[in-house]
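Novice: One structure, pasted below without further comment.
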Amino acid sequence: MTSTAVYPGSFDPITFGHLDVIERAARVFDRVIVGVLMNPRKSPLASAEERTSVIGEAVRETFPDVAGRIEIVTFDGLTVDLARRLEASFIVRGLRAVSDFESEMQMAHTNRKLAPGIDSVFFMTALEHAYLSSSLVKEIAGFGGDVSRMVPPAVVRRLGRSTISR
Ligand code: PNS
């Protein structure tokens, strides 16, 4: 039986913290589907299609050995509906610190209420990336700061072409 997990998020942009979670999930599950939310609450810097293509580049460049087991899709609506549609039994999320715990616990319980057959699995984000957040990356890049130690080269390249980094 194939174990499939969905890793939903805004990924605006993807950081080394997200990549670490994707890689570790791909070493646990047979198939990991990164679900890129089309319309996150905060207005996104990049379109869902752009975020999807950047994640694909980052995955192929960072861990080519497991890239074949990782798919990236855009989605709108509920995470549990995406998981059901893709026949995934698990939802993966990363936990950076205790501050993430409360909202993640609420989401996990709510998702379980909506879809009792789908379980949430958490990876503790690697300590060296635990301080990272997409919002801070956007703010730093917006002021022309160096984010190359926070995000993969695929994002740096994309930011270089965007007006937000100027
Ligand atoms: O990267 P983020 O912004 O922390 O990810 C949040 C995300 C996408 C996981 C969450 O907003 C989500 O699941 N949105 C889809 C709508 C949904 O299922 N809402 C109910 C969650 S209990």
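The values are calculated or read from the model by the stated rules, or taken from the named source; none is laboratory data. The structure presented is a predicted model; accordingly, all values stated were derived computationally and were not measured. So basically every Cβ, Gly included, is an ideal-geometry build from the backbone, and we count neighbours across all protein chains shown.
Novice: Got a number for residues in the stretch 114-128 being assigned to a helix (DSSP H, G or I) and within 14 Å of the ligand (Cβ to nearest atom)? Let's see the steps before the verdict.
Specialist: Here is the first cut: in the stretch 114-128, the ones assigned to a helix (DSSP H, G or I) are 114, 127-128.
From what is left, the residues that are within 14 Å of the ligand (Cβ to nearest atom) are 114.
Final tally of qualifying residues: 1.
Novice: As an exercise: evaluate residue 46 against (1) closer than 23 Å to residue 132 by Cα; (2) hydrophobic (A, V, I, L, M, F, W, C); (3) surrounded by fewer than 16 Cβ atoms within 10 Å (Cβ to Cβ); (4) away from the ligand (no atom under 13 Å from the Cβ) and give the number of the one condition it does not meet.
Specialist: Failing condition for residue 46: (3).
Novice: If you go through the stretch 65-111 one residue at a time, how many are farther than 15 Å from residue 34 by Cβ and either in contact (Cβ under 8 Å) with a residue 40 or more places away in the chain or among the aromatic types (Phe, Trp, Tyr) (or both)?
Specialist: Within the stretch 65-111, residues that are farther than 15 Å from residue 34 by Cβ and either in contact (Cβ under 8 Å) with a residue 40 or more places away in the chain or among the aromatic types (Phe, Trp, Tyr) (or both) number 4.
Novice: Right, something else. Quickly run through the stretch 1-43 and pick out the residues that are closer than 18 Å to residue 78 by Cα, more than 8 Å from the chain's Cα centre (by Cα), within 10 Å of the ligand (Cβ to nearest atom) and not hydrophobic (A, V, I, L, M, F, W, C).
Specialist: Scanning the stretch 1-43 gives 39, 40, 41, 42.
Novice: Looking at residue 140, is it within 20 Å of residue 12 (Cα to Cα) and crowded, with 19+ Cβ neighbours inside 10 Å? Outline the logic, then answer.
Specialist: Values: within 20 Å of residue 12 (Cα to Cα): yes; crowded, with 19+ Cβ neighbours inside 10 Å: no.
Taking the combined requirement at face value, the residue does not satisfy it.
Per-residue answers, yes or no, for (1) at pLDDT 95 or above; (2) in contact with a Leu (Cβ under 8 Å, 6 or more places away or on another chain); (3) of a type outside the set (S, T, N, Q):
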| residue | (1), (2), (3) |
| --- | --- |
| 12 | yes, yes, yes |
| 15 | yes, yes, no |
| 23 | yes, no, yes |
| 61 | yes, no, yes |
| 86 | yes, no, yes |
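Novice: Another question about this same structure. Name the residue that is nearest to residue 30 (Cα to Cα), counting only residues in the stretch 53-95 that are within 14 Å of the ligand (Cβ to nearest atom) and part of a helix (DSSP H, G or I).
Specialist: Once the filter is applied, the top-ranked residue is 83.
Novice: Right, next: Out of the stretch 139-156, which residues are more than 19 Å from residue 21 (Cβ to Cβ) and of a type outside the set (Asp, Glu)? Quick ask: steps written out before the conclusion?
Specialist: The first filter runs over the stretch 139-156 and keeps only residues more than 19 Å from residue 21 (Cβ to Cβ), leaving 139-146, 148, 156.
Listed by number, the residues that qualify are 140, 141, 142, 143, 144, 145, 148, 156.
Novice: Same structure again: Looking at (1) assigned to a helix (DSSP H, G or I); (2) more than 11 Å from the ligand (Cβ to nearest atom), can you tell me which one residue 111 breaks?
Specialist: Exception for residue 111: condition (2).
Here's the yes/no breakdown for (1) in contact with a Phe, Trp or Tyr (Cβ under 9 Å, 6 or more places away or on another chain); (2) among the small types (Gly, Ala, Ser); (3) surrounded by 12 or more Cβ atoms within 10 Å (Cβ to Cβ):
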{"residue": "95", "(1), (2), (3)": "yes, no, yes"}
{"residue": "98", "(1), (2), (3)": "no, no, no"}
{"residue": "103", "(1), (2), (3)": "no, yes, no"}
{"residue": "107", "(1), (2), (3)": "no, no, yes"}
{"residue": "111", "(1), (2), (3)": "no, no, yes"}
{"residue": "115", "(1), (2), (3)": "no, yes, yes"}
{"residue": "119", "(1), (2), (3)": "yes, no, yes"}
{"residue": "124", "(1), (2), (3)": "no, no, yes"}
{"residue": "129", "(1), (2), (3)": "yes, no, yes"}
